[in-house]
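The values are calculated or read from the model by the stated rules, or taken from the named source; none is laboratory data. Quick caveat: nothing in here was measured; it's all calculated off a predicted structure. Note that we place each Cβ from the backbone using ideal geometry, even for glycine, and neighbour counts take in every protein chain shown. Ligands, DNA and RNA are stripped out before the accessible areas are found, and what is left, the full protein with its side chains, is counted by its heavy atoms. Shrake-Rupley method; radii C 1.70, N 1.55, O 1.52, S 1.80 Å.
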Amino acid sequence: MTTIAQTALRAAPSIEFSHRFAAEVIAGLSAKPKQLPAKYFYDLAGSALFERITQLPEYYPTRCEVALLRDNAPAIASLFPANCALFEFGAGSSKKARILLGAAATIEAYVPVDISGDFLQQDASQLRRDFPHIAVHPVVADFTRPFAVPAPIAGLPRVGFFPGSTIGNFEHHEAVEFLRHAGGALGAGAVLVIGVDLIKDIAVMCPAYNDAEGVTAKFNLNLLARINRELGGNFDLAAFEHHACYNRARNRIEMHLASVKRQKVRVNGKTVNFRLGETIHTENSYKYTIESFQALAQGAGWSPLNVWSDGLFSVHAIRRTDNG
Ligand code: AVJ
């Protein structure tokens, strides 16, 4: 398989995608307590809202990570093999990858893998203009599942990039599963550069998910708007409110949508009942210490090479140690 959907800038969701989305939404809304998968936040509107989140004064992770990548780009790049392909998992916009593409002369190809084709295709053309010596091969796929590698880069040694503390959205067992899967996709001896948000003062973590402008609330509610758009739902967005809080026992920020009244909602031909105050759990954002992340990675077949941190956020370089 070479590049997918290169022609369509905003392709309609595929049948397989819609079926999967519908099945996961119905399953989540039938569960007790109700929940929805966080990976569905990122349609075009959600990706744009997330971009706004990254610019909020309260949302420190992006600013911290970008500064860490900039300040340490030469040291990070020195770990990359000659003529390598940089695989980014869950690419979204390639702002962070650009730092590595600009600093590592050994990168021959860039493979952003993302479930949302919209941003990916727009970005690929701009990247080709800005880095004419780098082959850009976007892959529209759920990066937590096996995906086909574009034929032209099949023979190149691979480096992985997983910024944004997206690993924080996974349960610990899913994070281990992802790291094993990434190890399989990248190959023996591969390096992975991964951003991980750190456990810190609640007074810093909570406002990052409860911004004064209400952008995070819009981002959370957009999941319901997306269900309305793509699955013929009739959620009344004014009848749900955004809640975000830190769960100390589990070291995670939780986001929920709480029903402000008793109500019935129709989704894909199915009726879902809400009690007053009943919540849909929409996201977990797990926080780690440098050591707790290294231990998790070690359990998934990776060993620590280096870590850069400002005390709030951490960027780890790890190397695959086992045979997959
Ligand atoms: C980039 C997915 C890790 O959990 O901080 C931002 C997503 N959710 N505000 C995070 C998010 C609410 C973000 N991740």
| said: If a residue counts only when it is touching a Ser or Thr at 6+ places or on another chain (Cβ under 8 Å) and within 13 Å of the ligand (Cβ to nearest atom), which strands (runs of 3 or more DSSP E) contained entirely in the stretch 189-281 have at least 2 such residues? | reply: 191-197, 240-247, 252-259
| query | Out of all the residues in the stretch 145-162, is one or more more than 16 Å from the ligand (Cβ to nearest atom), among the small types (Gly, Ala, Ser) and open to solvent by less than 50 Å² (accessible area, probe 1.4 Å)? | reply | yes
| When the stretch 165-188 is examined, which residues are found to be part of a loop (DSSP other than H, G, I, E, B) and within 16 Å of the ligand (Cβ to nearest atom)? | 165, 170, 171
| request: Would you check if residue 295 is within 23 Å of the chain's Cα centre (by Cα), surrounded by fewer than 18 Cβ atoms within 10 Å (Cβ to Cβ) and not in a strand (DSSP E or B)? | output: yes
| field | residue 58, sole failed condition from (1) part of a loop (DSSP other than H, G, I, E, B); (2) within 16 Å of the ligand (Cβ to nearest atom); (3) at pLDDT below 95 | value | (3)
| Number of the condition not met by residue 171 [criteria: (1) surrounded by fewer than 21 Cβ atoms within 10 Å (Cβ to Cβ); (2) more than 22 Å from the chain's Cα centre (by Cα)] | (2)
